[in-house]
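The values are calculated or read from the model by the stated rules, or taken from the named source; none is laboratory data. What you see is a predicted model, and the numbers here were worked out from it, not measured in a lab. With ideal geometry, Cβ positions are generated from the backbone for all residues, glycine too; neighbour counts draw on all protein chains shown. Please note that ligands, DNA and RNA were not included when accessible areas were found on the heavy atoms of the full protein model with its side chains. Shrake-Rupley method; radii C 1.70, N 1.55, O 1.52, S 1.80 Å.
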Amino acid sequence: MVDQLEQLLTQLETLRTHAVEELSPINTSAELDEWDTRYLGRNRGELKNLSSVMPKLSKEDRPVVGQKINAVKAVLERQLKEKREELKARELMLALERERIDVTLPGRTIPAGRVHPISRAIAEVSNIFLKMGFSVLQGYEVEDDYHNFQALNIPVDHPARDMQDTFWVEPGQILLRTQTSPMQIRTMEQSQPPVRVIVPGKVYRNEDIDATHEAVFHQIEGLLIDEHCTMADLKGCLERFAHEMFGPDRRLRFRSSYFPFTEPSAEVDISCGLCNGKGCRSCKYSGWLEVLGSGMVHPKVLRKVGYDPEKYRGFAFGIGVERIAMLKYDVGEIRLFSGNDLRFLRQL
Ligand code: DAH
């Protein structure tokens, strides 16, 4: 019997040593749970297995073995508890590390938008004319044939229509305006002289797109009607505009031209800012850059809106906004304006 007792005690001791050895490398709660069931498990745990011999022991041996079992059990349970706490603390640390928020990081910058160069050019031009007493109006991008062409002295089949290849909404009747000039007519239809307006906005032409042509672009129409108005007023007004916009050193050149709704008509060039008129690559060695069309409002146009051409006269002009923006901000490619490329837009 002594043998059996000693054997049992040794087995319990070995079990304790094994269990403690196996515990130390355990890293996860799952592994620890396995260890728990394996050694301390109530059904098939190893300690339980060894305890099952108790009823077969003698009265004297029973308390000895019982004490040993309890001692081993107490050791293992204490170690289990410590290990659980250790793992819990480690898992918490890992979670904190994973979910860490670095409050010292600078915030993300919110990208600030800015005014598009075309809008900016329109604003700059508008401000200059506002100072000269003009009002700023907006027109319709969808127009009728009468206001876009006929009332401007461009009848059906007039060859001038060929210069403005049109996007039709209803062929022959409704169109996307090819110029801002129809607002000359609408303004005069709705008011009496004196008239002083500018009209910035989009225009549409069925153009082949290249470095200087777009199918959608912008114009600023200008119109002044009064009792006393001569070509000298037109020149003075546009010179003032050019000096404010591009600087006092720039000169203007009026080149005789043709527009159906003005007589006489002139295309206006500005002296090249790079070579000061001497001629360089930028101005194609001419010394001049074309900026707008203009002229004295045709008596036929005045009559169409019910103004008496004997009493009233006026001038009109049409500025190409992209052209102005290209000159002012030194942009060599018109498509950049519609491209929405932030690398370009951020520079201005
Ligand atoms: N509407 C003309 C065009 O798009 C530009 C123009 C020329 C407007 C002369 C005018 C003007 O008001 O007087 O080609």
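Give the distance, in whole Å, between the Cα centre of segment 2-65 and the Cα centre of segment 202-246. Rounded to whole Å, the Cα centres lie 101 Å apart. Using the Cβ-Cβ distance between ARG98 and ARG42 with R0 set to 56 Å, the FRET efficiency works out to roughly 0.95. Would you be so kind as to identify which of ALA160, VAL136, THR187 lies farthest towards the positive end of the dipole of segment 92-188, taking Lys and Arg as +1 and Asp and Glu as -1 on Cβ and the Cα centre as origin? Result: VAL136.
About the centre of its Cα atoms, segment 99-217 shows a dipole size close to 760 debye [charges on the beta carbon of Lys, Arg (+1) and Asp, Glu (-1) only; nearest 20 debye]. Note on MET163/ARG120: beta-carbon distance plugged into 1/(1 + (r/R0)^6) with R0 of 25 Å gives a FRET efficiency of 0.30.
Of all stretches in the chain that contain no GluC sites (Glu not before Pro) in a DSSP loop with at most 15 other Cβ atoms within 10 Å, the longest one is 228-309. Just to confirm my numbers, what's the Cα centroid distance between segment 280-348 and segment 99-171 in Å? A separation of 13 Å, based on Cα centres.
Along the axis of the charge dipole computed for the chain (Cβ charges of +1 for Lys and Arg, -1 for Asp and Glu, origin at the Cα centre), the listed residues TYR39, LEU345, ALA123 are led at the positive end by TYR39.
Would you please classify the overall shape of segment 38-88 from the alpha carbon gyration tensor, given that a ≥ b ≥ c denote the square roots of the eigenvalues, rounded means a/c under 1.5, and beyond that prolate means a/b larger than b/c while oblate covers the rest? The shape class here is oblate.
Using a probe of 1.4 angstrom and keeping all protein chains present, the accessible surface of the chain works out to 59 square angstrom per residue.
Taking 7 Å steps out from each Cα toward its Cβ at MET231 and GLU85 produces label points 10.4 nm apart. The length gained by stretching the chain between ARG255 and GLU239 to full extension, at 0.36 nm per residue less their Cα-Cα distance, is 4.3 nm.
Panel note: the C-alpha atoms of the chain, placed on their principal axes, show extents of 142, 48, 35 Å (largest first).
Once you have the Cα-Cα distance between PHE344 and GLN67, take 0.36 nm times their residue separation minus that, and quote the gain in nm to one decimal.
91.1 nm
Given a 1.4 Å probe and every protein chain left where it sits, what share in percent of the accessible area of the chain is carbon and sulfur? Don't skip to the end; give the middle numbers.
Working: 10510 of 20570 Å².
Its accessible area is 51 percent carbon and sulfur atoms.
GNM on the chain, alpha-carbon springs under 10 angstrom: the most fluctuating residue among LEU23, LEU130, LEU175 is LEU23. Relative to the longest principal axis of the Cα atoms of the chain, helix 61-98 runs at roughly 10 degrees.
Which whole-number percent is the relative contact order of segment 117-345 (Cα, under 8 Å, 6+ apart)?
20 percent
For ARG335 and GLU141, a Förster radius of 22 Å and the Cβ-Cβ distance give a FRET efficiency of 0.60, rounded to the nearest 0.05. Working note: Cα atoms of segment 136-254, range along each principal axis, descending, whole Å: 44, 40, 26. Sites listed here are trypsin sites (Lys or Arg not before Pro) in segment 31-101 whose DSSP assignment is loop and whose Cβ has at most 12 other Cβ atoms within 10 Å: ARG42, ARG44, LYS59, ARG100. For segment 275-342, trypsin sites (Lys or Arg not before Pro) are listed when DSSP marks them as loop and at most 16 other Cβ atoms sit within 10 Å of their Cβ; the list is LYS278, ARG281, LYS284, LYS311. Projected label points at LYS284 and ILE174, each 7 Å from Cα along the beta carbon direction, are separated by 3.9 nanometres. Relative to the dominant Cα principal axis of the chain, helix 231-246 is inclined by about 30°. Among all stretches of the chain without exposed chymotrypsin sites (Phe, Trp or Tyr not before Pro) (DSSP loop, at most 15 other Cβ atoms within 10 Å), which one is longest? Longest stretch, sites excluded: 1-139. Could you tell me which of rounded, prolate or oblate describes segment 45-184, using a ≥ b ≥ c as the square roots of the eigenvalues of the alpha-carbon gyration tensor, with rounded for a/c under 1.5 and, failing that, prolate when a/b is larger than b/c and oblate otherwise? Cα axes put segment 45-184 in the prolate bin.
This model, with +1 at the C-beta of Lys and Arg and -1 at the C-beta of Asp and Glu, gives segment 216-317 a dipole about its Cα centre of some 380 debye. When +1 charges are put on Lys and Arg Cβ atoms and -1 charges on Asp and Glu Cβ atoms, the dipole computed for segment 2-98 relative to its Cα centre reaches about 400 debye. From the square roots a ≥ b ≥ c of the eigenvalues of the alpha-carbon gyration tensor of segment 2-98, which class results: rounded (a/c under 1.5), prolate (a/b over b/c), or oblate? It is prolate, given that a/c is not under 1.5 and a/b is the larger ratio.
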